[in-house]
Amino acid sequence: DLSKSPIYEAVFYNPPHKYKFKHARVVPAVDLCIYEAHVGISSPEARVATYKEFTANVLPMIKDLGYNAVQLMAVMEHAYYASFGYQVTSFFAPSSRYGEPDDLRELVDTAHAMGIAVFLDVVHSHACNNVEDGLNQFDGTDHCYFHEGERGRHELWNSRLFNYGNHEVMRFLLSNLRYWIEEFKIDGFRFDGVTSMMYKHHGIAYGFSGHYNEYFTGNTDEEAVGYLMLANYMCHRLYPGFVTIAEDVSGMPALCRAVPEGGVGFDYRLTMSVPDMWIKLLKETRDEDWDITHIAHQLTNRRYQERAITYCESHDQALVGDKTLAFWLMDREMYENMSDMSPLTPVIERGIALHKMIRLVTCGLGGEGYLTFEGNEFGHPEWLDFPREGNASSFHYARRQFNLVHDKDLRYKYLYRFERAMLHLERQHHWLSAHDQWVTLKHNSDKVLAFERGGLLWLFNFHPCNSYTDYRIGAAWAGKYTVALCTDDTYFLGQGRVDGSVEHFSTPMEWNGRPNFIQVYLPARTAIVLKYE
């Protein structure tokens, strides 16, 4: 409540009967599908939701969709709710906004019972500037945990920067990681702000092209890189199967290679350029001008043998000043024409078709893991904005309207159904962990993209109006192909132009650099995934 005080009062917590875990930690799956969530906004009501509500209402939905990991944001205590948890004041306290620490333990234990790994968003890149309830000036000086002077302050975040060369700082941060693993049975960490940590310029007003001179010069903060190597080595050595993910936009080489190999030791990095590409396309480019070659390049542009988590949109894209992917596609028509009882307008039809295609091509080609931010799986409208002085402390946009997908008269259910079908298909074919990725066709004028991965043949026709009969696609495998998934299925609010019972047989003739080809009907704004029999 901002009207009372921005300062948090510390409370000593030591209950007589501590929660006892019933289930062991989960070793995360090799083909990670991550549901990124914020406990406080996980309710349609305009208030702060709780750990218990998340356990009862959201975890079953995550399980139903087919996600095998949940990534919890804003769990470390933070005085300012609108900071999205990135201005941490108490590193060893789960946020009391959502309930007691034992409620969080119960959430994790319940997820483990469902076979869902629990990841935590870790903010070791900086700390809140608060003095009274934070680490700043803990001993009366400005350099107890942080660098002294300007080097110890982030000019854009108004926060303090750790001195990773100080042994006691490293002990504090490493202990913090073990605390969350030992006390709450966390299965993985997503390290926030890794780019800011690794460079003395913190990535501010600096563009990375991928050239090695940008990484191995005086710009790199070697003490911070050393801390990250130690943190990764500790987590993996002490907790086999533990997963670490780096939020890095720089493309640091060997970031996701093991420490004994000379790498920084992360298991995955986030493909932060992919969601930026989709938003830029939707904002600036007409559908008929989409560059298929560029889309394919962005989706495959990652360091060789370094795994990546891909996504169409995360919490970053939904924050105030931007909009969700669905809202960029359909905007104000989502207020009027998302009911099955209203006409299916061209805007809604286009929006739903492209929303499905964008998610499918990103999940199929974009990385070795997949992530979505809660609500975006069913096309959540509008944007995300926390209660603050600038919006009269309103909770209106600080919530997830799960009621939209539960309303059987609304069209959000079709997007939810598609997400579920896509992830359950991944569970069957494990393309995220497959190594047979091959882009067969990038045709800019036809707007057709085709590739092979996970023993499946993926076909995308992004053209807004052109449908193609007997379209020839090169294929690696000789034999019969059947439809495994189609975005145009009426079950997903498609037009039903693709007959799912049709069998496609290959012809032994080289095409698109492949030894065989098949011929298919490719309707406009449709994606088809074919299964090789």
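Quick look at the values:
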item	result
Residue among His236, His202 that is closer than 17 Å to Pro28 by Cα, touching a Gly at 6+ places or on another chain (Cβ under 9 Å) and surrounded by fewer than 23 Cβ atoms within 10 Å (Cβ to Cβ)	His236
Some residue of region 324-337 being out of contact with any helix residue (DSSP H, G or I) (no Cβ under 6 Å at 6 or more places or on another chain), part of a loop (DSSP other than H, G, I, E, B) and surrounded by fewer than 15 Cβ atoms within 10 Å (Cβ to Cβ)	yes
Residues within region 366-396 that are under 15 Å from the mean Cα position of the chain (by Cα) and more than 19 Å from Lys323 (Cβ to Cβ), tallied	5
Test for Gln428: is it surrounded by fewer than 21 Cβ atoms within 10 Å (Cβ to Cβ) and not in a loop (DSSP other than H, G, I, E, B)	yes
Those residues of region 338-349 which are outside any loop (DSSP other than H, G, I, E, B), touching a residue at least 40 places away in the same chain (Cβ under 8 Å) and touching a helix residue (DSSP H, G or I) at 6+ places or on another chain (Cβ under 7 Å), in sequence order	Ile348
Odd one out for Val30, checked against (1) closer than 21 Å to Arg105 by Cα; (2) in a loop (DSSP other than H, G, I, E, B)	(1)
Matching option when the condition is small (Gly, Ala, Ser) and over 24 Å from Val243 (Cβ atoms), among Ala93, Ala79, Ala69, Ala113	Ala79
Residue satisfying all of: in region 116-129; open to solvent by less than 40 Å² (accessible area, probe 1.4 Å) and assigned to a loop (DSSP other than H, G, I, E, B); nearest to Thr195 (Cα to Cα) among these	Ser125
Pro28, sole failed condition from (1) open to solvent by less than 20 Å² (accessible area, probe 1.4 Å); (2) touching a Leu at 6+ places or on another chain (Cβ under 7 Å); (3) not hydrophobic (A, V, I, L, M, F, W, C)	(2)
Matching residues, region 447-474, being part of a loop (DSSP other than H, G, I, E, B), over 24 Å from the mean Cα position of the chain (by Cα) and hydrophobic (A, V, I, L, M, F, W, C)	Cys465
Of all residues in region 475-510 being in a strand (DSSP E or B) and touching a Leu at 6+ places or on another chain (Cβ under 9 Å), the one that is farthest from Pro346 (Cα to Cα)	Ala475
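Conditions (1) under 18 Å from Phe386 (Cβ atoms); (2) open to solvent by 10 Å² or more (accessible area, probe 1.4 Å); (3) out of contact with any Leu (no Cβ under 7 Å at 6 or more places or on another chain), marked per residue:
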residue	(1), (2), (3)
Ala49	yes, no, yes
Thr55	no, yes, no
Val58	no, no, yes
Tyr67	no, no, no
Val75	yes, no, no
Tyr86	yes, yes, yes
Asn136	no, no, yes
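The values are calculated or read from the model by the stated rules, or taken from the named source; none is laboratory data. From a predicted model like this one, the values you see are computed outputs, not experimental measurements. A quick note on method: Cβ atoms are made from the backbone with ideal geometry, for glycine too, and the neighbour counts reach across all protein chains shown. When the accessible area is computed, the model is the full protein with side chains, heavy atoms only, and any ligands, DNA or RNA have been set aside. Shrake-Rupley method; radii C 1.70, N 1.55, O 1.52, S 1.80 Å.
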